[in-house]
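The values are calculated or read from the model by the stated rules, or taken from the named source; none is laboratory data. Since the structure is predicted, the reported quantities are computational estimates derived from the model, not experimental observations. No Cβ is skipped: glycine too gets one built from the backbone with ideal geometry, and neighbour counts run over all protein chains shown.
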Amino acid sequence: MNGLKITKDLQNYFFVLYKLAELGAREKTVKLSTKFLAEKLNLSQQTVSRHLISLERKGWIRRTATREGSLIRLTDLGDLQLRTIRSALNSLFERKQPLSIVIEGVVFSGLGEGAYYVTRKPYREQFIKKLGFDPYPGTLNLKLTSEYDAQLRRELEAKDGIEIHGFKNENRTYGPVKCFPAQINGKEKGAVIFALRTHYNSSVIEVIAPRCLRSALRLKDGNKVKVEVFLEDL
C-alpha cells in the first residue's frame, strides 16, 4: 500500500486491535471479558484469548487479568499499528485519479449514422468550439472484446465529460452528446463520444477525429485500436 508495510501479524490481529480501540482502550484502561470480546468479534473465546496473549507478547497491549475480566490498554506500539493502517488507507483514498485511460477495441463497420449526426450544424459548431477540431463526417466504431475494456468504458461513461448540447429543428429532437478528448493509436487526435440516443450497447465506443481514421491509420474491419482517453482537463 503505497510503500507502507502491512505485516502478516498486523493482518492477523488488526480486527482485535481495532475493536479494543473502538471500546476505548487507546485512551484508557478498559475492563473486558474474553466472552464479551468474542461476541463482539464473532470469534470463539479460545481464539480471542490466544490473540490477546499474542498481542501482549508483542508489546501491542498491556493486560492484567482479574476475576471480572482483563484490564487492557493499547501501548504506543499497538497504537502505531492502527496508525499504519490509517496511513495506508489515507494514501489510497487521496490518490489522484489517473490522467488518462487506455481502451482497446476492434474496428467494425457501423450503421452509417455517424456521418449524418456529426455533420448536423449545431453539433458540429460545438465540436469545433469545445474540442478544437472540425470532425470528419463519420465515426470510427470499436467493439470492446474484453470485460476489462468494457468496465473502463462503463466507468468513463459515468464521468461528466465535455457536454455537447442537444437541439431541436422542425423535424425532430437531437439528444445531448458527451465527449472525452483522446488520441488514437498514439498518433491521431480525436474524441470518444457518448450519445444519449444510440443503437449501440456498452460493448461499443465511437470515436470522432478531424481526419478519416480508417485512412489515416490504414485501418480495416478486425484491426485492433488503442484509444487513450484524457481526463485531466475535464
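On the stretch given as the range 57-86, residues that are of a type in the set (A, V, I, L, M) and within 17 Å of residue 31 (Cβ to Cβ) total 5.
List, please: which pairs have Cβ atoms under 6 Å, are six or more places apart or on different chains, and start with a residue in the range 57-75 that is assigned by TED's automatic domain parsing to the domain that holds residue 15 and end with one that is among the acidic types (Asp, Glu) and at pLDDT 95 or above? Filtered contacts from the range 57-75: 63/56.
Meeting the requirement of 1 or more residues that are aromatic (Phe, Trp, Tyr) and surrounded by 13 or more Cβ atoms within 10 Å (Cβ to Cβ), the strands (runs of 3 or more DSSP E) wholly within the range 132-202 are 177-184, 188-195.
Cβ-Cβ distances below 8 Å connect the following pairs, each with a first residue in the range 157-169 that is under 19 Å from residue 205 (Cα atoms), a second residue that is part of a loop (DSSP other than H, G, I, E, B) and among the aliphatic types (A, V, I, L, M), and a separation of six or more residues or different chains: 159/231; 159/234; 160/234; 161/234; 162/234.
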